[in-house]
Amino acid sequence: MTDVVRYKQYQDQGNAGSLRHLMQQLGLTLTLVAANEDIPGSFWGDEEAGLIRHTIYGRSDTPVHSFMHEACHYVCMDEQRRLNLHTNAGGTSDEENAVCYLQILLADALPGFGRDTMFKDMDSWGYSFRLGSTRRWFDEDAEDARQWLESRRILKLADQVTQLNRAALG
């Protein structure tokens, strides 16, 4: 996973504020830890983002898509799960698919990132779904994920957040 966009690279492009802003819009506080520290609440360890209650953690080497994935887990859970959240977001396989779908949608709220980068980075991380690529899954086989999000009114939220970010960030 060497060719994914990491927080430092995104920051160096002048976009870190937009990621922090998006996290705030989703109800999360983004907290960075030092390069040599373990990331609190990271399920996968290494450089992957972590979640504890209403805080998302990462380092300069954390992939942007990892922040987005964990944030979307947070969005997809109810308040009771959020209050008990520490490391493992849990949820069903249907929810996991919805999380993946939502992180692709919300990628458009990040200047200099967007869906194309999200597709590439998710493929690099190992998401391929049964059609062989994240893009093909999203375009051809993700109706169940979309329905899951629609049934919980999360798609409307995603559209609003994306529009707000575009307006606020130019």
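The values are calculated or read from the model by the stated rules, or taken from the named source; none is laboratory data. Not measured: the values here are computed from a predicted model. Backbone-built Cβ (ideal geometry, glycine too); neighbour counts: all protein chains shown. When the accessible area is computed, the model is the full protein with side chains, heavy atoms only, and any ligands, DNA or RNA have been set aside. Shrake-Rupley method; radii C 1.70, N 1.55, O 1.52, S 1.80 Å.
Exactly one of (1) modelled with pLDDT under 95; (2) touching a Cys at 6+ places or on another chain (Cβ under 6 Å) is unmet by Q103. Its number? Going through (1) modelled with pLDDT under 95; (2) touching a Cys at 6+ places or on another chain (Cβ under 6 Å) one by one, Q103 breaks only (1). Whether any residue in segment 22-33 is modelled with pLDDT of 95 or more, in a loop (DSSP other than H, G, I, E, B), farther than 22 Å from F129 by Cα and open to solvent by 50 Å² or more (accessible area, probe 1.4 Å) is what I want to check. For segment 22-33, residues modelled with pLDDT of 95 or more, in a loop (DSSP other than H, G, I, E, B), farther than 22 Å from F129 by Cα and open to solvent by 50 Å² or more (accessible area, probe 1.4 Å): absent. Would you be able to say whether some residue in segment 87-96 is over 16 Å from the mean Cα position of the chain (by Cα), of a type in the set (A, V, I, L, M) and at pLDDT below 95? Within segment 87-96, none of the residues are over 16 Å from the mean Cα position of the chain (by Cα), of a type in the set (A, V, I, L, M) and at pLDDT below 95.
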